[in-house]
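Q: First the structure, then my questions, so here it is.
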Amino acid sequence: MKKQPQKLTMINIMDDPRYRGKHVIVIKGKVFTARTGEGASKILERVRLKYPKETPAITYIPDADFGVFLSSSHNITFKSP
């Protein structure tokens with residue numbers, strides 16, 4: 001029996017270590033990455049022209065060394081090594 005390909009979701013991408021420290025744009029089942037916000041903007045311009053009727057999902061995935069934690073009062077605190 002053939003294994004079904006895993007559906008591409010932002011959750012899968014966020015769990016994948018290849019995307020840490022990158023800006024990620026997902027559109028029409030394709031993943032585009034950039035190291036900088038400027039690079040992500042350029043990619044976004046290109047994909048908007050190529051897929052004008054689609055809405056891309058866009059996020060930045062921090063490096064593994066950076067975390068966001070909620071304190072007991074639900075204020076956001078940042079921790080970096």
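What follows draws every value from the coordinates through simple rules; no lab data is involved. Since the model is a prediction, treat every value here as computed from it, not as a measurement. Glycine also receives a Cβ, built like all others from the backbone with ideal geometry; neighbour counts cover every protein chain displayed.
Q: Order these peptides, 51-57, 40-46, 21-27, 11-17, by their mean beta-carbon neighbour count within 10 angstrom, highest first. Working shown, then result.
A: Details: 51-57: 10.3, 40-46: 14.7, 21-27: 19.3, 11-17: 11.9.
Ranking the peptides 51-57, 40-46, 21-27, 11-17 by packing returns 21-27, 40-46, 11-17, 51-57.
Q: Cross-link partners among aspartates and glutamates for Lys53, C-alpha distance below 15 Å, same-chain residues fewer than 8 apart left out?
A: List returned: Glu45.
Q: Calculate one ³J(HN,Hα) per residue across the range 17-26 by plugging θ = phi - 60° into the Karplus curve 6.51 cos²θ - 1.76 cosθ + 1.60, and present them in order as whole Hz with x for glycine and proline.
A: Karplus values, whole Hz, x for Gly and Pro: x, 5, 9, 5, x, 10, 7, 10, 10, 10.
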